[in-house]
Amino acid sequence: MAAHAATKAIDTQDITDKARRALLQQLEAVRGKKNLVIERSLAGTVGLFIKFSTLQEYGVDKLFFLENHNVDSTQRNIVFLVRGDNAKRVRTVAEQIRLVRSESKIDHDFSIIWVPRRTLVSNVVLEEHGVLGEANISEWDLQFVSLEPDVLSLELEDAFSDLVLRRDPTSIFASARALMLLQKQHGLFPRMIGKGENAKKLAELLQRMRNEEDVNDSADASNTYLTSFGLTPSSVIESLIIIDREVDFPTVLATQLTYEGLLDEVFGVSNNQTEVDSSVLGGAPAPQQQNGAAAGAPTTATKRKVQLDSTDKLFPSLRDANFATIGPMLNATARRLQNDQQSIHKADQTVSDLKDFVHNKLPSYQAEAASLKIHTSLAEEITNFTRSELFRRTLEVEQNLLIGSEGSTMHENVEELIARDMPLQTVLRLLCLESCLSNGIRQRELDHFKRMILQAYGYQHLLTLANLEKMGLLVPKESHKGYLNPIASSAGQSATDWNTVRRGLQLWTDDVQEAEPTDIAYAFSG
């Protein structure tokens, strides 16, 4: 079966349009002006495809985050947009409804839009607080969100901790529902392959849902939408490959050395945006918001949001490049734009030439020049970060662990980082990386690091350390624990030997071509 380009096989724009229309219809159903109270994690997701100005056209007066009783009661209509499978957030909604009822003199109409579905948990919590009959309840079945023309995401920020720490399979069910919708639109996945226990659970759930659809289809004679659903393999999707993150922790614990990876390390990237101090961008022009965050969520005056997706003129060519090559790439772009600018001022240009330039080339030139200023400023800030001694020491520890050095030889460096008040997240990443690669850390040394961390960063991190151990990320060295597949090894399998796997699968490459990479190892410079 011929493989199709992802952008041709699945129309991600259609998925975005349907999600947008569904939400706007829900808001339109609430007549008149309304205040929208939205869960913070949903605000960025909604902002990917709905501008705040569009929400205003559909009657939204003000937007608030669901936190700290942050509700304005000036409008009669108050709409909550919240995930319905989280009991804590549902409880917050119930408390806010009771608070507004008791303090406001207006007879409010409350509407709750649960994302992606109404759950039994939400009903029980609302009933316990005595507000189940106080609100009009509906669902917004938001599933896949298009981050790029060839990237779909569920944008479930708590999925990893839910699965690995709390053993809550809700995100597996959400994934299965979203994938079933794709199958209904494009045909059944001809082949499903995966790695890891959670991957197996997802594949089994998909198979069960597929069987249920077949039964429902055969029982309903009037259903033509799913006719012969179980007999129609997809002609555009060749395989579904499912990878459980628990199978491979080291990849996400190592520092990414691509441009987009370092942007995430330094500034953080969420919902295709990063927030940067205005002083970093200097005189760089403010980027036009393609999808102004539905987040009427105001950022602080010193912060600016930078859009990082394929709408940017330069970012698509920069994002996956090793950072060592970013300087020359920006330099080449600057020289090309300078040549274009010089061509504008040629004395022998006719009016027709100028008209053609203004109409056809000038908008693209201006957008590219603005993008160049922004990315040059960001790259300069990242350069300052990567040249710092603490970053070099951190990278040295990481790469020594990855090339197979004994973890204990790096302990003095980690102790020094703790003593120099390196961010706790960085220290924990290094210790977790050693634990994953070395099949745990010797009990005596692990206890020593735990004491240092609690004394340096505070005893509130007892819970942090306990959670990391529960997740299998920071564990004492034991013969029955494996580094790459803690699920399989916990059943008594022999531990995985990182050095053997590294050599056998060539997971580390000494000769990395960063400018013209031939191996994915360039992303970590090794």
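The values are calculated or read from the model by the stated rules, or taken from the named source; none is laboratory data. Because the structure is a prediction, the values reported are computed rather than measured. Note that each Cβ is placed from the backbone with ideal geometry, even for glycine, and that neighbours are counted across all protein chains shown. Protein only, heavy atoms only, side chains kept; ligands, DNA and RNA dropped before computing areas. Shrake-Rupley method; radii C 1.70, N 1.55, O 1.52, S 1.80 Å.
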Residues in the stretch 422-439: is at least one under 27 Å from residue 508 (Cα atoms), in contact (Cβ under 8 Å) with a residue 24 or more places away in the chain, of a type in the set (S, T, N, Q) and outside any helix (DSSP H, G or I)? yes
Note down all Cβ pairs under 7 Å where the first residue falls in the stretch 376-405 and is β-branched (Val, Ile, Thr), the second is open to solvent by 40 Å² or more (accessible area, probe 1.4 Å), and they're at least six residues apart or on different chains. 382/266; 403/508
Report, by residue number, each residue of the stretch 152-177 that is among the hydrophobic types (A, V, I, L, M, F, W, C) and either free of Cβ contacts under 8 Å to residues at least 12 places away in the same chain or under 13 Å from residue 115 (Cβ atoms) (or both). 154, 156, 174
Residues of the stretch 396-431 satisfying the condition of being touching a strand residue (DSSP E or B) at 6+ places or on another chain (Cβ under 9 Å), more than 18 Å from residue 468 (Cβ to Cβ) and of a type in the set (A, V, I, L, M, F, W, C): none
Which condition does residue 143 not pass, out of (1) among the polar types (S, T, N, Q); (2) part of a loop (DSSP other than H, G, I, E, B); (3) surrounded by fewer than 17 Cβ atoms within 10 Å (Cβ to Cβ), if it passes all the others? (3)
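Residue-wise test of (1) surrounded by fewer than 16 Cβ atoms within 10 Å (Cβ to Cβ); (2) in the same structural domain as residue 189 (by the TED database); (3) more than 24 Å from residue 181 (Cβ to Cβ).
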{"site": "19", "(1), (2), (3)": "no, no, no"}
{"site": "25", "(1), (2), (3)": "yes, no, no"}
{"site": "29", "(1), (2), (3)": "yes, no, no"}
{"site": "34", "(1), (2), (3)": "no, no, yes"}
{"site": "46", "(1), (2), (3)": "no, no, no"}
{"site": "52", "(1), (2), (3)": "no, no, yes"}
{"site": "67", "(1), (2), (3)": "yes, no, yes"}
{"site": "74", "(1), (2), (3)": "yes, no, yes"}
{"site": "83", "(1), (2), (3)": "no, no, no"}
Output yes when any residue across the stretch 5-13 is farther than 23 Å from residue 84 by Cα, part of a helix (DSSP H, G or I) and hydrophobic (A, V, I, L, M, F, W, C), and no when none is. yes
Being more than 19 Å from the chain's Cα centre (by Cα), charged (D, E, K, R) and modelled with pLDDT of 70 or more is the requirement here; does residue 309 meet it? no
Restricting to the stretch 391-433, name every residue that is in contact with a Leu (Cβ under 8 Å, 6 or more places away or on another chain), more than 21 Å from residue 251 (Cα to Cα) and open to solvent by 40 Å² or more (accessible area, probe 1.4 Å). 420
The conditions are (1) in contact (Cβ under 8 Å) with a residue 60 or more places away in the chain; (2) within 30 Å of residue 163 (Cα to Cα), and residue 30 fails exactly one of them. Which is it? (2)
Note down all Cβ pairs under 8 Å where the first residue falls in the stretch 453-470 and is closer than 14 Å to residue 429 by Cα, the second is among the basic types (Lys, Arg) and assigned to a helix (DSSP H, G or I), and they're at least six residues apart or on different chains. 465/450
Restricted to the stretch 359-380 and to residues being at pLDDT 90 or above and open to solvent by 70 Å² or more (accessible area, probe 1.4 Å), the residue farthest from residue 437 (Cα to Cα) is 373
Return the residues of the stretch 54-65 that are assigned to a loop (DSSP other than H, G, I, E, B) and open to solvent by 30 Å² or more (accessible area, probe 1.4 Å); say none if nothing qualifies. 58
